[in-house]
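For reference, the structure discussed in these notes is given below.
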Amino acid sequence: MGSSEGLGQIEDSAGSFREKTVRGIGWSLLSQLMVQFLNLVTLVVLAHLLSPRDFGLLAMITVITNFANIFAEMGLSSALIQKQDVQQIHLSSVFWLNSVMGLFLAIIFVCCSSHISRFYAEPRLTQLTMLISANFVIGSISIVQRTILVKSLDFRRLTLVDVLGVCAGAGVAILMAVSGAGVWSLAWQSVTASFVSTVILWLLSSWRPCFLFEWSAIRDLLGFGSNLLGTQLLNYWSRNLDYILIGRFIGARPLGVYKNAYQIMLFPLANVSQVIARVMFPALSTIQEDKERVRKIFLKVTRAIALVTFPMMLGLFVTVEPFVVTLFGRNWAGMIPILRIFSLVGMMQSIGTLNGNLYLSQGRADVQFRVSLLVRTIAVLGIVIGLRWGIFGVALGYAIASFINSYPSFSYAGRLVNLTYWQLWRNLSGVLGCSIVMAVCIGAAGAYMPPTWPHWLVLSVQVVFGAVLYAALIHLVRLPAYLEVRGAISEYLRQQRVKHFSNIPEYHSEEQVDVQVAR
């Protein structure tokens, strides 16, 4: 078993780097589009079959178990991706440590399930916690396999893993919800998806762990991983403290409403920003010494993300009422003011997602940790202060903190590659301007629609009108982001056509000769 199986280094040539990165983004984007579409459809279906309280009960558990899951991974997968010379001893040592931590955490949560139930004053949480704790064991034994695929930019296989896992979980959840299983539908959805994904990862990966373990190999990774772990813990608590406080002091039903609003906000982030971030970290790590090149790529990628997420988020801000009523029904009307606030937060977070790539690709997880101490403290203060006004106050406090935190978050990350906060926003000014014009126009159009129109018709007209208007705007003003994305897509399609013709040896027409000359 080779020490670098599945971890082949990305070639340094610009052509190979660009080709692998673009292909990785393409497959990762396809994966996330499919996964998030399936998740959205499943969420909508389950929202009509289950109550907000059911979603709130599961959120009470997962907010704690997901935190503990960070310890099972301990930042070591990111350390493996960032490290240039990964050996078999590193992979096997990380595998066994993750496995032991997963088993340990599962036992801890089974033992503490009754305490979690008492904390929230919800007796049903005891057995639910025991079931969800199985995810620790299941997930921990596939972390290395997933890391190998990410490091080698093999997002084609990861697409298969993620899509099949989500499909299996969604199928189980819907069948159980229809049969009246309630919150257990959501719990088994999580466990099923984790189990199926793990099985497929083992089937697709040729790497197998050896019976080797050395603390020296772990220590070799912990310098990077420990700082990253600290940052992940800070980020997690600041982003999920609202769930705990709402569940503890307001109740399961408001938590279910709040959580689903937050999940909708994450949809464009997961489909665009996090997809690209997942690919850009291993890609930028290979050119970490060329800061000017990293800077230029970062600005281009940020423009491309904003080109998609800014109009989506501002469009959601304007159309939130018909959107919620059409997809979820009036039983979820409490989501409307919360989702309107989160749409603005999502716009900021969509471009902020890439900040971590600058820290990690430059090997400066220590700086990221120190910055996180500041920005997460501000986020926690916003959440705690807003709690007295219910879930609306929590959402508003979180939003204000997010806008304040954008300055230190972008500034310190940008310094690593000689990029200022204001340069970043000048980079995005064209996309932001077009998105605002679109949002104002579809808002005005909605105001003049007959009040007798059903919500689904209002939403459909606004979405179509907004999409056509935005496409026309970015084409007419010749936005750099639009031209770059269009050029990248055209280049990719051209390369695919060339590869197609070059793989047909019997084909000798003049058209083939022209294609080969063009190459």
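Values quoted throughout were computed directly from the atomic coordinates according to the rules given, and no laboratory measurement underlies them. The structure presented is a predicted model; accordingly, all values stated were derived computationally and were not measured. Positions of Cβ are backbone-derived with ideal geometry, glycine not excepted, and every protein chain shown enters the neighbour counts.
Structural remarks
- Listed residue pairs exceeding 25 Å between alpha carbons, taken from LYS151/LYS291; LYS259/LYS296; LYS151/LYS300: LYS259/LYS296
- Cα gyration tensor shape for segment 14-486, rounded if a/c is under 1.5, else prolate or oblate: oblate
- Computed label-point distance, nm, for sites ASN331 and VAL100 using a 7 Å Cα→Cβ extension: 4.7
- FRET efficiency, 1/(1 + (r/R0)^6) with R0 35 Å, evaluated for GLN423 and HIS115 via beta carbons: 0.10
- Calculated FRET efficiency for the pair GLN87/VAL468, C-beta based, R₀ 41 Å, to 0.05: 0.15
- Fewest-first sequence of TYR412, TYR258, TYR470 by Cβ atoms within 10 Å of each Cβ: TYR412, TYR470, TYR258
- Residues GLU484, GLU122, sorted so that the one with the fewest Cβ neighbours within 10 Å comes first: GLU484, GLU122
- Cut-off under 5 Å, modelled amide H: who pairs with GLY363 long-range: none
- Sorted by Cβ neighbour density within 10 Å, fewest at the top, the residues LYS151, LYS291: LYS291, LYS151
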